[in-house]
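Peer 1: Below is the structure I would like to discuss, written out as structure tokens.
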Amino acid sequence: MNRKFRLLPAIAIIIGLVILPQITSIIAIPLPKTEYEGDVACVVDNEFEKFGKQPAIDIMSLNNKVSSSQIELYLNGTPILDHSHGYRIIINWNGLINWGWISNWTHINWDLTIPPSSNITLCFAGGISGFGVTNGSYNRICNSSGIPIFTERNNNSVSIVGNSIIFPFNQTLITTPKNPVDILVLTTYNTTRLEIDENNITTLLAITWMDSMKDNFIINLFTLMTLDNKIDFAVFMTMLVFLGVSQVIYLKKKKMVR
């Protein structure tokens, strides 16, 4: 091999080590999945501002309790079921969620995220609802032709146990796969904030705190770069510069020897 290119394999390995975690983080992970504490996003007038702590919507894990026909959403704090707090779960047992319809924060269409032939479980609690469900769940099972053979709505059926919201659901007809193919959990807290500028002008801002599972949903929604991404990128650039400098020094020494 030409010695000028002897460092290319090392560079390729470093690039792989940096990129691989980003790829694997996109792959759907079956239940349960633990999230990080304190990663709730603050959205001000439809623009991301910062990450912070809002325990009532901070997702810790989602558990599929088949034996008791329950979905359990476990949070970092006690959930609040009022008009300001919302808890949404989308589970597609045999297909994928249409992510394209919820990839733009200002133009989200939740109804179109559900493919018509999917076996789904939807859960709603707090100040949001959908598919005719309020504080409960909706289940739909389709046959191989995509025709619904079982639907079920459970309104006003959620319960709060400690830091968990318990949703009833009927999984008796869901045999394969045992774990969902695709899943999204989104929790929100809507509030307002007054700000006074240097001219004593008062502005009322609309604030939405939100957390999600998968984490990359919010990251993609606002095209954010997380701290982990920044660290990985900084390490990669540092190593790349180091290898480049080493190559230059080597070539100079080789030239001097000649």
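Peer 1: Find the relative contact order for the stretch 98-177 and round it to a whole percent, using C-alpha pairs within less than 8 Å whose residues are 6+ positions apart. Let's see the in-between values first.
Peer 2: Values: 127 pairs, mean separation 16.9, N = 80.
This gives 21 percent for the stretch 98-177.
Peer 1: At 0.36 nm per residue, minus the direct Cα-Cα distance, what do THR78 and ARG193 gain on full extension? Give it in nm, one decimal, please. Walk me through the numbers before you get to the answer.
Peer 2: Numbers: separation 115, 0.36 × 115 = 41.40 nm, distance 2.29 nm.
Going from the current span to full extension adds 39.1 nm.
Peer 1: Express in nm, to one decimal, how much length is gained between ARG153 and ASN220 on full extension, taking 0.36 nm for each residue of separation and deducting their alpha carbon distance.
Peer 2: Working: separation 67, 0.36 × 67 = 24.12 nm, distance 3.14 nm.
Length gained between ARG153 and ASN220: 21.0 nm.
Peer 1: Please report, as a whole percent, how much of the solvent-accessible surface of the stretch 52-152 comes from carbon and sulfur atoms (probe radius 1.4 Å).
Peer 2: Numbers: 2250 of 4300 Å².
Answer for the stretch 52-152 is 52 percent, counting heavy atoms of protein chains only.
Peer 1: Ok, one more. Skipping prolines and chain starts, which residues have an amide H placed within reach, meaning under 5 Å, of the one on GLN70, given they are 5 or more residues away or on another chain?
Peer 2: The answer is LYS65, PHE169.
Peer 1: Step through the residues of the stretch 131-144 one at a time and calculate ³J(HN,Hα) from phi using the Karplus curve (6.51 cos²θ - 1.76 cosθ + 1.60, θ = phi - 60°), rounding each to whole Hz and writing x for Gly and Pro.
Peer 2: The phi angles translate into 6, x, 10, 10, 6, x, 9, 9, 10, 9, 10, 10, 7, 5 Hz.
Peer 1: Near the amide H of ILE128, under 5 Å away, which other amide H atoms are found, from residues 5 or more places off or on another chain, if H is placed in the peptide plane?
Peer 2: TYR87
Peer 1: Using the Kirkwood radius over Cα pairs, work out the Stokes-Einstein diffusion coefficient for the stretch 70-201 at 4 °C and 1.567 mPa s, in µm²/s as a whole number.
Peer 2: Working: Rh = 16.1 Å.
Stokes-Einstein gives a translational diffusion coefficient of 80 µm²/s.
Peer 1: Kindly write out, for the stretch 114-123 in residue order, the coupling ³J(HN,Hα) from the Karplus curve 6.51 cos²θ - 1.76 cosθ + 1.60 (θ = phi - 60°), rounded to whole Hz, with x marking Gly and Pro.
Peer 2: 9, x, x, 9, 8, 8, 10, 10, 10, 10
Peer 1: Can you give me the long-range amide H partners of THR134? Hydrogens built in the peptide plane at 1.01 Å from N, cutoff under 5 Å, separation of 5 or more residues or another chain.
Peer 2: Amide H to amide H, under 5 Å and 5 or more residues apart or across chains, THR134 pairs with ASN156.
Peer 1: In addition: Could you provide, to the nearest whole Å², the per residue accessible area of the stretch 109-168 with probe 1.4 Å? Intermediate results must be reported in sequence, preceding the final value.
Peer 2: On the way: 2560 Å² over 60 residues.
Dividing the accessible area of the stretch 109-168 by its residue count gives 43 Å².
Peer 1: Pop out the ³J(HN,Hα) list for the stretch 94-108 in order, Karplus 6.51 cos²θ - 1.76 cosθ + 1.60 with θ = phi - 60°, rounded to Hz; leave Gly and Pro as x.
Peer 2: With coefficients 6.51, -1.76 and 1.60, one gets 10, x, 10, 7, 7, 5, x, 7, 10, 9, 10, 4, 8, 9, 7 Hz.
The values are calculated or read from the model by the stated rules, or taken from the named source; none is laboratory data. This structure is a prediction, so every number in the text was calculated from the model and none was measured. Remember, those area values only see protein heavy atoms, side chains included, never the ligands or the DNA or RNA. Shrake-Rupley method; radii C 1.70, N 1.55, O 1.52, S 1.80 Å.
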